[in-house]
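Report on one structure; see the data block that follows.
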Amino acid sequence: MSKLCRVLAPAAALFILVSGTLSAQEDLSLQRKAQAKLMAERAARADAMRKIAERIRGLHITSETFVKDFVAESDQIQAAMTAFLSGMKEVGKPKHLEDGTCEVVMEVPLETVIVTVKEWHDRYYKGDKFKATDFEKMTVTNEIKIIREVGQGAEKEDATIPCEPDGRFDASRIPAKAMAFWSAHVTGRGRLMAQRAARVEGMRRLAERIKGVMITSETSVQDFVAESDQIDVSMETFLQGARQTGIRYHDDEMIVEADMEVTLRTVYASLKSWSDVHYKGDKVRSSHFDELITTAKDTVIKETGMGVPPEQYLKDVTVEMTRAMSLAGKAPPWAGMTKRAVGNAALDASMENPAQAKLMAYRGAELDARRKLAEEINGLMIASNTSVQDFVAQNDQIQSDMMAFQAGAHVVEGSQKLLPDGTAQVTVELDLKPLWDKIIVYQRKYSITIK
């Protein structure tokens, strides 16, 4: 019996070793799948945020001004705009498709935008170009009630650059493709501000996670912090010291991602120290924190923030050209229309990632649709001898405002399709009534003669 055991023991050991190896491989595979899913969600969230930002900046305040004009008035307003966009929540849960892509829906009511922009005016604005009453007109100058966008993303190669404990990283490790993209479109300061915005949003998301952690069965961290102004201040200071572990630069969009983390044990220890000094309530005892510190072990809370460069630091503010409107004693037939254009783009068969190839084709189709829409609108006639393009060309300010107006065009939900011939198709649309109203205003303001 002992001889048989000696013969079987090595085989049993080998079986256990192999079984353990297979288990580890399976765990690694599951981890990679989870990571791919997370990367797709991040990309979709960033895409939705970018689209929402474009729509908000293109909103009219009055018939002559846009939200983008107001935001450009102050660095503080610009920072508030970035924070507002970063804090936007998605609707429902991310939708993961079989081809590896992910869709995230974001929406914000127009009323919320109006209230928020008015708050920025009251708090930060020092000029006289924009009046507080102007913002009350936004429900008239903008007919849409809900701004809704669907962001799409696919797994990308993880190009995370590890950070030092103090948050620094070696900028020379930014992938060449990403650095070339950023250098072509953004100033150095703009890149750093995008990086800072990503870190701030990461800390905000981290704060939300931490405040939802329970101390007792009935008391969350948020409840505890609300008990004392001193603890609230200490909490904000503590979050400023959260560790930045990695940073990623997108190589096809002006988006930076910052990974932030903090250990749960550190959170509980800090809460205990603040409690000993500032807490006067009776819902939480010091012993609660002692128990939590012991059981927390090395649990890490992680979040990722995303940031974009402020508009004034872009080298090539190129939003596809313009649509137009008209004026002539009475409104032309198109003034009350919604204009649509369909764009197409081919899938890049050479791309290794099919999901990413599909999204790139959708993006190309969207740009193609926007270009076609611009051409159609530029060709609309204001009068017998004056097209929209002729009218817009008479003044640089009108040209700039028309580009902002055109940026408000949005993708028709559900219009993204892959056709049997391997091409992608996307439809975009834009309401032309605000454009007609602007033409009237510009004609009077700049004394433009329409023939």
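The values are calculated or read from the model by the stated rules, or taken from the named source; none is laboratory data. All of these numbers come straight from a predicted model, not from anything done at the bench. Quick reminder, even Gly has a Cβ in these numbers, built from the backbone with ideal geometry, and neighbours come from all protein chains shown.
Brief remarks on what is shown
- Search result, residues across the stretch 93-127 that are among the aliphatic types (A, V, I, L, M) and either within 22 Å of residue 62 (Cα to Cα) or exposed (fewer than 12 other Cβ atoms within 10 Å of the Cβ) (or both): 108, 110, 113, 114, 115, 117
- Within the stretch 396-417, being exposed (fewer than 15 other Cβ atoms within 10 Å of the Cβ), in a loop (DSSP other than H, G, I, E, B) and either at positive phi or in contact with a helix residue (DSSP H, G or I) (Cβ under 7 Å, 6 or more places away or on another chain) (or both) holds for one residue alone: 414.
- Of everything in the stretch 335-387 that is under 24 Å from the mean Cα position of the chain (by Cα) and of a type in the set (S, T, N, Q), the residue that is farthest from residue 419 (Cα to Cα) is 353.
- Qualifying residue in the stretch 347-359 (condition: of a type outside the set (Gly, Ala, Ser) and under 22 Å from residue 57 (Cα atoms)): no
This table checks each residue for (1) in contact with a Ser or Thr (Cβ under 7 Å, 6 or more places away or on another chain); (2) in a loop (DSSP other than H, G, I, E, B); (3) among the hydrophobic types (A, V, I, L, M, F, W, C).
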{"residue": "70", "(1), (2), (3)": "no, no, yes"}
{"residue": "73", "(1), (2), (3)": "no, yes, no"}
{"residue": "77", "(1), (2), (3)": "no, no, yes"}
{"residue": "82", "(1), (2), (3)": "no, no, no"}
{"residue": "98", "(1), (2), (3)": "no, yes, no"}
{"residue": "107", "(1), (2), (3)": "no, no, no"}
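- Residue that is surrounded by the fewest Cβ atoms within 10 Å (Cβ to Cβ) [pool: residues in the stretch 135-152 that are at pLDDT below 85 and not in a helix (DSSP H, G or I)]: 143
- Criterion (surrounded by 19 or more Cβ atoms within 10 Å (Cβ to Cβ) and either modelled with pLDDT under 90 or of a type in the set (Val, Ile, Thr) (or both)) met by exactly one of 383, 341, 355: 355
- Residue 179 vs. criteria in a helix (DSSP H, G or I) and surrounded by 18 or more Cβ atoms within 10 Å (Cβ to Cβ): no
Residue-wise test of (1) in contact with a Pro (Cβ under 8 Å, 6 or more places away or on another chain); (2) of a type in the set (Gly, Ala, Ser); (3) under 20 Å from residue 250 (Cα atoms); (4) at pLDDT 85 or above.
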{"site": "4", "(1), (2), (3), (4)": "no, no, no, no"}
{"site": "15", "(1), (2), (3), (4)": "no, no, no, no"}
{"site": "18", "(1), (2), (3), (4)": "no, no, no, no"}
{"site": "21", "(1), (2), (3), (4)": "no, no, no, no"}
{"site": "78", "(1), (2), (3), (4)": "yes, no, no, no"}
{"site": "103", "(1), (2), (3), (4)": "yes, no, yes, yes"}
{"site": "106", "(1), (2), (3), (4)": "no, no, no, yes"}
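- Some residue of the stretch 84-92 being farther than 23 Å from residue 205 by Cβ, buried (at least 17 other Cβ atoms within 10 Å of the Cβ) and of a type in the set (Phe, Trp, Tyr): no
- Counting only helices (runs of 4 or more DSSP H) that sit wholly inside the stretch 209-315, those with at least 1 residues that are under 29 Å from residue 71 (Cβ atoms), charged (D, E, K, R) and free of Cβ contacts under 8 Å to residues at least 60 places away in the same chain are 229-240.
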